[in-house]
Amino acid sequence: MNAADLGFNHVFRPARAAGAPVLLLLHGTGGNEHDLVPLSEALLPDAAILSPRGQVLERGMPRFFRRLAEGVFDLEDLEQRTHELARFVERAAAHYGFEQRQVVAVGFSNGANIAASLLLLEPSTLGGGVLFRAMVPLVPDALPALPGTPVLLSNGRSDPLVSLEESDRLAALLRRAGADVTLALQAAGHELSSQDIVQAREWLSAVFSQPHQVER
Ligand code: MLT
């Protein structure tokens, strides 16, 4: 299989250090596969990156799933697209040669919402996640098993799209499934602030850095 057959337009870049995580970069509405590459450099420059472009178009703007209105999701489409994204990550892992437990989603807004949906519906896809400005994408019929899965939920205190109650609801849902959730509320709205980046960088290096393996 070649890269064009994996199912999503995407960017892949191998890790710069052995054993570093693979950041699955998931852009917001209207973004593309190149958008979050500079963010990944600021967060964990040694990491590999896998960055797909969402396959839904809303008035020409790429997204990862359909919505009926702002914050009102087409749940059937969301479920189907979540499974498709999980299969893409599996194929990419086989193609590029990484382990799925090394994959850490880094999503913003619509991308954070599908990352949360992956955790809830396809829990074996991710080893962890950094969710910027996520809301509850759906409530699954059965809770997934996410024992100890590290999740940083970094939301804005004055976000007009995601209320503080919604942030608490998502943190509680993921914790009920066993995830180890850090909820960081920033002095910000829906857009990222420099504090989001500082805190996510510290969290990623505390949770995912490991001694570099020396080849013998
Ligand atoms: C969504 O549709 O996922 C959320 O409303 C965030 C957005 O993309 O604006």
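The values are calculated or read from the model by the stated rules, or taken from the named source; none is laboratory data. The shown structure was predicted, so the numbers you read here are calculated from the model rather than taken from an experiment. In this analysis, Cβ positions are derived from the backbone assuming ideal geometry, glycine residues included, and neighbour counts consider all displayed protein chains. Each accessible area value is taken on the protein alone, full model and side chains, heavy atoms only, with ligands, DNA and RNA left out. Shrake-Rupley method; radii C 1.70, N 1.55, O 1.52, S 1.80 Å.
Restricting attention to the range 158-182, the residues that are within 14 Å of GLY148 (Cα to Cα) and of a type in the set (Asp, Glu) add up to 1. Here PRO137 does not qualify as in contact (Cβ under 8 Å) with a residue 12 or more places away in the chain, of a type outside the set (Asp, Glu) and open to solvent by 10 Å² or more (accessible area, probe 1.4 Å). Filtering ALA4, ALA18 for residues that are part of a helix (DSSP H, G or I) and farther than 29 Å from LEU161 by Cα leaves a single hit, ALA4.
Set side by side, the residues LEU39, LEU24 differ, and just one is away from the ligand (no atom under 14 Å from the Cβ), under 21 Å from GLU122 (Cβ atoms) and either among the hydrophobic types (A, V, I, L, M, F, W, C) or out of contact with any helix residue (DSSP H, G or I) (no Cβ under 8 Å at 6 or more places or on another chain) (or both), which is LEU24. If the condition is being open to solvent by 10 Å² or more (accessible area, probe 1.4 Å), more than 24 Å from PRO38 (Cα to Cα) and within 16 Å of the ligand (Cβ to nearest atom), then the range 102-134 contributes only LEU121. The residues listed here are ARG157, ARG169, ARG133, ARG176; of these, the one that is charged (D, E, K, R), at pLDDT 95 or above, touching an Asp or Glu at 6+ places or on another chain (Cβ under 7 Å) and over 16 Å from VAL22 (Cα atoms) is ARG133. In the range 80-101 there is at least one residue that is over 13 Å from the mean Cα position of the chain (by Cα) and hydroxyl-bearing (Ser, Thr, Tyr).
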